[in-house]
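Notes follow the structure.
The values are calculated or read from the model by the stated rules, or taken from the named source; none is laboratory data. The model shown is predicted, which means the values in this text are computed figures rather than measured ones. Positions of Cβ are backbone-derived with ideal geometry, glycine not excepted, and every protein chain shown enters the neighbour counts.
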Amino acid sequence: MAIELPENVVVSKLDELANWCRKNSLWPMPFATACCGIELMATGASRHDLARFGAEVFRFSPRQCDLMIVAGRVVMKMLPVLQRIWQQMHEPKWCISMGACASTGGVFDTYCVVQGIDRFIPVDMYVPGCPPRPEQLIQAIIDLQDKIQREGTIMGDEFNLPGRQQAKRALVELPVLGQASEFRAADLLHR
Amino acid sequence: MNEAVIKALRERFGELVVSEFRGSTRVIIGKDALLAAMSMLKTQHGFDMLVDVTCVDYLNYRDATDRFGLVYLLANTVNSDRLTVRVMLNEPDLTVPSMFELWEGADWMEREVWDMFGIHFEGHPDHRRILMPQEFTAFPLRKDYPLQGRGERHNFPVIRRAQA
């Protein structure tokens with residue numbers, strides 16, 4: 001049985017409607033710790049105009065945000081702050097790791113710089129570059145919007161699953177060059 | 001060279017190793033005489049400013065006989081004299097008196113030297129780490145500490161949702 005639809009009416013699923021709302025009103029939380037933060041500001045400013053993609057409302061309270069953009073290197077003293085802000089954000093929430101430092105540690109392969117935030121919080125999009133151009137960040141947000149459109153339901157129950165809440169974590173990192181036998185994780189945990 | 005200052009120091013503390021490089025005078029003072037010498041430099045010779053406190057680790061350095069070289073940079077703000085005072089230290093005795101009583105600016109600089117090299121400053125009013133987290137156990141600027149650390153950067157408590 002065919003239904004006659006009037007003009008300007010679209011048939012869709014409620015889940016897709018919810019995802020469409022979510023993806024077009026991302027509120028980013030700028031976790032900008034280094035030069036990537038400058039590019040992040042440029043992305044939000046008038047020339048590159050993140051507002052075209054509905055993601056221009058930067059909020060500095062994690063309770064109001066659903067997209068964390070980690071821009072810059074994170075040292076081990078800063079990481080508890082990052083973790084706490086991430087946990088304070090409400091589901092559904094997403095994370096963009098912007099730049100080489102946030103994704104891998106970049107050139108800062110030293111004792112205090114975390115080698116990739118994905119060891120501690122789940123990351124949805126990685127943006128390469130040092131620092132990335134605003135166009136690259138915008139492309140990451142467009143790709144993230146595609147991802148948001150594909151996942152999720154209107155009730156959002158799947159966002160609260162334990163698997164999604166748990167961060168990936170590298171308990172033992174790769175051996176330091178030339179120091180392979182020196183470090184044992186068990187010693188550190190009982191220290 | 002600050003002949004008068006060096007002469008006065010030598011009269012009181014015996015023969016000291018003094019060297020000069022591009023117009024800046026450096027003097028090595030024994031650990032036990034440090035507080036008396038610095039007090040004398042401040043009160044009698046007008047070195048009213050402690051510019052910096054820092055440290056050098058001479059592990060595996062060519063011809064080095066001592067492990068650590070603690071460096072005090074002094075300045076006289078009236079006649080622009082400058083003097084570098086060094087104290088050589090060896091393990092296990094890495095304790096020196098704090099200069100906080102003479103120059104209050106020594107506070108954070110001595111905390112940084114403690115944080116990075118593990119030199120203990122006796123009498124410091126707030127002897128904590130300044131850059132690294134308090135639970136950090138190593139001293140990262142020592143030459144026997146690997147650049148990439150011993151795994152500390154990935155092994156610390158993860159904050160759970162209930163704690164945030």
query: Of (1) touching a Lys or Arg at 6+ places or on another chain (Cβ under 7 Å); (2) within 14 Å of chain B (Cβ to nearest Cβ); (3) in contact (Cβ under 8 Å) with a residue 24 or more places away in the chain; (4) at negative phi, residue A:87 satisfies all except one. Which?
result: (3)
task: Collect the residues in the range B:133-160 that are more than 18 Å from residue A:119 (Cβ to Cβ) and either of a type outside the set (A, V, I, L, M) or facing chain A (nearest Cβ under 7 Å) (or both), keeping them in residue-number order.
output: B:134, B:135, B:136, B:137, B:139, B:140, B:142, B:143, B:144, B:145, B:146, B:147
message: Contact list please: Cβ distance under 6 Å, first residue in the range A:155-168 and within 13 Å of chain B (Cβ to nearest Cβ) and closer than 17 Å to residue A:19 by Cβ, second residue surrounded by 13 or more Cβ atoms within 10 Å (Cβ to Cβ) and modelled with pLDDT of 70 or more, pairs at least six apart or on different chains.
response: A:159/A:91; A:159/A:92; A:160/A:91
task: Select, from B:97, B:92, B:146, B:140, the only residue that is touching a residue at least 60 places away in the same chain (Cβ under 8 Å) and either within 29 Å of residue B:61 (Cβ to Cβ) or among the hydrophobic types (A, V, I, L, M, F, W, C) (or both).
output: B:97
query: Which condition number does residue A:95 fail, the rest of (1) more than 15 Å from residue A:120 (Cβ to Cβ); (2) more than 14 Å from every other protein chain (Cβ to nearest Cβ); (3) not aliphatic (A, V, I, L, M) being met?
result: (1)
message: Can you tell me which condition residue A:82 does not meet? The list is (1) within 13 Å of chain B (Cβ to nearest Cβ); (2) surrounded by fewer than 20 Cβ atoms within 10 Å (Cβ to Cβ); (3) in contact (Cβ under 8 Å) with a residue 12 or more places away in the chain; (4) closer than 30 Å to residue A:153 by Cβ, and all the others hold.
response: (2)
message: Looking at residue B:94 and the list (1) closer than 21 Å to residue B:29 by Cα; (2) at pLDDT below 90, which single condition is not satisfied?
response: (2)
